[in-house]
Structure formats: structure tokens, C-alpha cells
1. Please find, among Gln153, Gln210, the residue that is exposed (fewer than 14 other Cβ atoms within 10 Å of the Cβ), under 28 Å from Thr124 (Cα atoms), in contact with a strand residue (DSSP E or B) (Cβ under 9 Å, 6 or more places away or on another chain) and modelled with pLDDT of 95 or more.
2. Any residue at all in segment 114-125 that's farther than 24 Å from Arg73 by Cβ, among the acidic types (Asp, Glu), in contact with a strand residue (DSSP E or B) (Cβ under 9 Å, 6 or more places away or on another chain) and surrounded by fewer than 18 Cβ atoms within 10 Å (Cβ to Cβ)?
3. List, please: which pairs have Cβ atoms under 6 Å, are six or more places apart or on different chains, and start with a residue in segment 167-188 that is in the same structural domain as Glu200 (by TED's automatic domain parsing) and in a loop (DSSP other than H, G, I, E, B) and end with one that is among the small types (Gly, Ala, Ser) and crowded, with 24+ Cβ neighbours inside 10 Å?
4. Looking only at segment 199-251, how many residues end up being touching a Phe, Trp or Tyr at 6+ places or on another chain (Cβ under 8 Å), of a type in the set (Asp, Glu) and assigned to a loop (DSSP other than H, G, I, E, B)?
5. Check segment 216-227 and report whether any residue there is hydrophobic (A, V, I, L, M, F, W, C), crowded, with 17+ Cβ neighbours inside 10 Å, in the same structural domain as Gly112 (by TED's automatic domain parsing) and touching a residue at least 40 places away in the same chain (Cβ under 8 Å).
Amino acid sequence: MRSALFYNPRLLIERLAEISLDARRKRRLRATPAAHFHGALLDSLELLELIPRPPTVIFDVGANIGTWTTLARSVYPNAEIIAFEPLDWHCEEFSKLNRGLSRVKLYQIALGQEPGQFQMHVPTQSDSASLLPMAQACTTVFNLKFDKNIDVQVARLDDYVEEKKIPKPDLIKLDVQGFEHEVVSGGPKVLDHASAVIVEASFKEFYVGQRRFDELIAILAGAGFYLHAFGARTALAKPLDQCDVLLLRAT
């Protein structure tokens, strides 16, 4: 622990709260597939635990290397998890990480409003790859730099679920780097079946044309969801960049 914390009571209290949160998370996940996770990899834990009824089918849209799928399996061991991820090397890592987990299926596909082949803009940290070009905020806030473009196949969620005969979800997780509106627009039937959505929302335009927090929440409200909770590490009384949020279907 940094010695400077002892001269700043507020920072000390914040640091002790972080340590307490990490300890609670480790206890909760003991003897689960996510037991070795720490820090930001666990930031959806509390939101998953707040879902009123255990989901039987979960969609992980923008699965990256599969850490969120592992966490969801740890919280809901009986759920079927369907993951969607377009990049080859992410899919390879996903398969390695989740090898041996039952009822987990990965589809190598991107989801959007229009089907076809499109370029994914991949920065130096490929977990921030997007079908939208990076805006200046990606560099100023996260120090991301463009690396390459990769051609990926994009499908509409409703069409793909019907074509592949995939069961519809109770819970949808969306982490698609600014492309959330396009995914939702391509999947109204699938979204209508869900009772909960966990989404990474941005308060700045990190990608050109993305919908920011207020717009995205309004879009999901129009689909019948209300904002229920913010992720545990959401900053208070500070400007926000991004945060995870849980939305539940209005009844």
C-alpha cells in the first residue's frame, strides 16, 4: 500500500473499500471457473447477482476472449451461454479459456443492423476493436492507436438466431464498443424475449457515430427496459467515461 494513502484519509478509505470488494468477490467465486479472476474482469459480478430470476439462456454479445462467459457460468452454473465474437484470435483464446465448460457455444460472427462483410477497426489493444472508427477520445482517454482493419462477417441477430435455431435469451450482455444500437436494431424479436440486459455504456464518443449513455438507455427504454443498477466500480461525484449497467424489463 502506498505511503501517500496515510496522508490522505479519503484515498485511504477508497483503497480499503476496493480491497474489501475484491475480498468479497473472491469469497463469492471460490471453487468456480472464475476463481482466479481479479479486478476489472469481475466488474459484472454484482450486476449478475441482482437479476431477479436465474436466466436459463444467456447471450454474450462481443465475447472477446471469453472472460465474461466464464464469470456468467460461475454465477449461473445451470444456464446455457451463447457467445458471439468475430475475431479469429479472440475465438481461439475463448475456446482455450472455456474448454471443458458445459452448455457454452461460441459463434464466430459480428452482429449489427445490416448483414454482410464489413471492416472491423482494430486498435493496438484488440479488446477495443469496433465496427465503428475510433474517435479522438479513444486516444486521449485510453491511449489507443489504430493497428489494422480486419474483414468480418456481420449478421442481424434475429436472422442469425432463427437460421442457427438458437434458443432465445433471458439475459443479454452487450459489449461491442459503440455498436450497441446496431445490434439492438438487428434483434428486436430476440430483445423482446429477454428480461435483463447488461451493457457497457459510454459517456463520451469513443467511436464515430456511437450512441452515448443517455441515448442508449432511451433506446432500451423504448424496448421495454428500465435502468436498475450501475456496476460496483462506477465513480461517484466524478466525470464518467464508461460504466456497466443493468437494465430489467418493466412489468
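The values are calculated or read from the model by the stated rules, or taken from the named source; none is laboratory data. Keep in mind that this is a model prediction, so the values were computed, not measured. All Cβ positions, glycine included, derive from the backbone under ideal geometry; neighbour counts span all protein chains shown.
1. Values: Gln210 fails: exposed (fewer than 14 other Cβ atoms within 10 Å of the Cβ).
Only one candidate qualifies: Gln153.
2. Taking segment 114-125 first, the residues farther than 24 Å from Arg73 by Cβ are 114-125.
Right, trim to among the acidic types (Asp, Glu) and you get 114.
So of that shortlist, the ones also in contact with a strand residue (DSSP E or B) (Cβ under 9 Å, 6 or more places away or on another chain) come out as 114.
When the remaining residues are screened for being surrounded by fewer than 18 Cβ atoms within 10 Å (Cβ to Cβ), the result is 114.
Within segment 114-125, one or more residues are farther than 24 Å from Arg73 by Cβ, among the acidic types (Asp, Glu), in contact with a strand residue (DSSP E or B) (Cβ under 9 Å, 6 or more places away or on another chain) and surrounded by fewer than 18 Cβ atoms within 10 Å (Cβ to Cβ).
3. Listed pairs, sorted by first residue: Asp175/Gly62; Val176/Gly62.
4. The total comes to 1.
5. no
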